[in-house]
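Visitor: I have a structure I would like to understand better, so I am pasting it below and will then ask my questions one at a time.
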Amino acid sequence: MSPAGASSGGRPRLYSYPKCSTCRRALKWLAAEGLEVDLVDITLSPPSKAQLEHIWASLADPRRLFNTSGASYRALGAAQVKAMSRDEAITALAADGKLIRRPLLLAEGVAVLTGFDPEIWKEALKPLLRSAGPELRSTVAP
């Protein structure tokens, strides 16, 4: 596996939660766009501390990794999360996948994507999508 968390075979890794409607919409959108992903239940197998350190460093605003609408976040409290050091935040995220904003998509050569916005995902994933146009189709593995 790469430091970012994409599969060693090069397929993007999608951390999601089966009961999350946003995750289901993202998965449906990815399928419609022809992009196969390795699906991981974020509550059973959250990203490791090493992966989260890499993700944290790659984001302009790493605090956006927190799922601020979830019960786990509310139980901790916004003030406590805000007061956390980088290491404390990464430890908390690695310990409880429900703290992580989802879906979380990791792919080689692509920005880390959190939450689901089809326009943002389409632009970020353009090199990997079959629907990107004939000039890019040859770069997508069958």
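Visitor: Of (1) under 14 Å from the mean Cα position of the chain (by Cα); (2) at pLDDT below 95; (3) not β-branched (V, I, T), L105 satisfies all except one. Which?
Guide: Going through the list (1) under 14 Å from the mean Cα position of the chain (by Cα); (2) at pLDDT below 95; (3) not β-branched (V, I, T), L105 breaks only (2).
Visitor: Related question: Just the residues that are in a helix (DSSP H, G or I) and surrounded by 21 or more Cβ atoms within 10 Å (Cβ to Cβ), please, taken from the range 46-61.
Guide: Q51, L52, I55
Visitor: Which is farther than 16 Å from L113 by Cα, in contact with a Lys or Arg (Cβ under 6 Å, 6 or more places away or on another chain) and modelled with pLDDT of 95 or more, of A89, A83, A94, A50?
Guide: A94 is the lone residue from the list that is farther than 16 Å from L113 by Cα, in contact with a Lys or Arg (Cβ under 6 Å, 6 or more places away or on another chain) and modelled with pLDDT of 95 or more.
Visitor: Then there's this: So in the range 26-48, with the set limited to residues that are of a type outside the set (A, V, I, L, M, F, W, C) and under 14 Å from the mean Cα position of the chain (by Cα), which one is farthest from I100 (Cα to Cα)?
Guide: Applying the filter and picking the extreme gives D38.
Visitor: Something else: Go through the range 64-90 residue by residue and tally those that are surrounded by 14 or more Cβ atoms within 10 Å (Cβ to Cβ) and out of contact with any strand residue (DSSP E or B) (no Cβ under 7 Å at 6 or more places or on another chain).
Guide: Number of matching residues: 7.
Visitor: So, one more: Does the range 31-44 include one or more residues that are assigned to a helix (DSSP H, G or I), touching a residue at least 40 places away in the same chain (Cβ under 8 Å) and in contact with a Leu (Cβ under 6 Å, 6 or more places away or on another chain)?
Guide: no
The values are calculated or read from the model by the stated rules, or taken from the named source; none is laboratory data. Source: prediction; values computed, not measured. Positions of Cβ are backbone-derived with ideal geometry, glycine not excepted, and every protein chain shown enters the neighbour counts.
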